[in-house]
């Protein structure tokens with residue numbers, strides 16, 4: 001999947017409030033993308049709330065979800081998946097992840 005296809009898939013998921021499943025940093029993850037744009041390092045990033053899959057600290061569950069700021073280029077095979085789109089009020093994560101917001105869930 002090309003970078004542009006991944007970016008478009010994530011952008012579309014934000015608009016439609018769809019969950020995404022993909023690999024990121026060697027872990028399968030299920031997440032709800034909230035905003036996409038340009039990050040602090042000048043690269044495209046997506047701010048998302050992870051509700052399933054894993055990370056280096058173990059299994060992530062819906063009740064123990066975490067905010068992630070992910071570089072789009074490092075997200076492998078993003079695909080919409082079934083499940084409720086769950087995003088708590090992001091507050092600070094938006095400010096710390098994105099310099100330029102191109103799409104945000106409304």
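How much mean residue ellipticity at 222 nm does the chain get from its helices, if each DSSP H run of length 4 or more adds -39500 (n - 2.57) and you divide by all residues, to the nearest 500 deg cm²/dmol? All intermediate terms of the calculation are to be shown ahead of the outcome.
Working: 2 runs with 20 residues, N = 106.
Helix contribution divided over all residues of the chain: -5500 deg cm²/dmol.
If the chain between residue 57 and residue 81 were fully stretched, how many nm would it gain, using 0.36 nm times the residue separation less the Cα-Cα distance? Could the numbers behind the result be given before it?
Numbers: separation 24, 0.36 × 24 = 8.64 nm, distance 2.33 nm.
Contour length minus Cα-Cα distance gives 6.3 nm.
Have a look at 55, 41, 74 and tell me which one the Gaussian network model of the chain (Cα, springs below 10 Å) gives the largest fluctuation.
Among 55, 41, 74, the largest GNM mean-square fluctuation belongs to 41.
For the chain, what's the relative contact order in percent, using C-alpha pairs closer than 8 Å and at least 6 residues apart? Intermediate results must be reported in sequence, preceding the final value.
On the way: 234 pairs, mean separation 37.5, N = 106.
The value is 35 percent.
Along each of its three principal axes, how wide is the spread of alpha-carbon positions in the chain, in whole angstrom units, largest first?
So the three principal-axis extents are 31, 30, 27 Å.
Only the coordinates and a few stated rules stand behind these numbers; no lab work does. Just so we're clear, the structure is a prediction, and the values are computed from it rather than from any experiment.
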